[in-house]
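Read through the structure below, which is laid out as structure tokens, and then see the notes.
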Amino acid sequence: IYNVTVNVDDSIHENWIKWIKEHIPQVLATGKFVEARFTKVLVKEDMGGTTYSIQYKAKSKEDLENYYLQDANRLRLEGENLFGDKMLAFRTELELIDEFSVSFN
């Protein structure tokens, strides 16, 4: 799982939401990921703004590496050019260990 956590300044919040909802399908269109989840982090930030997490599930580690090599810089630059230092992003890789669910009968 490729996780991007972004703190968004209040001054760009509405425009950033519109943009990210167009950006996520562009990342998926690279063919390196099978799904994405867009979530809001429910923590009040000392620095202000609102924090979000976008999690992209890659088919394989190789696909993620190819994303870094072929697509990441181009897609990151778009957000940086539009919003500059009004959005602060950091990226982490997560390994899914197991999944659990509850079924209701």
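Values for this structure:
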item	result
Under 5 Å, built H, 5+ apart or other chain: amide partners of T30	none
Cα Rg over Rh - the chain, Kirkwood	1.00
Cα point-scatterer Debye curve for region 1-43, base-10 log of I(q)/I(0) at q = 0.26, 0.27 Å⁻¹	-1.07, -1.12
Probe 1.4 Å, protein heavy atoms only - accessible area per residue of the chain in square angstrom	70 Å²
With every protein chain in place, the chain: carbon and sulfur % of accessible area (1.4 Å)	50 percent
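The values are calculated or read from the model by the stated rules, or taken from the named source; none is laboratory data. The shown structure was predicted, so the numbers you read here are calculated from the model rather than taken from an experiment. Note: accessible area is taken over every heavy atom of the protein model, side chains too, but ligands, DNA and RNA are not part of it. Shrake-Rupley method; radii C 1.70, N 1.55, O 1.52, S 1.80 Å.
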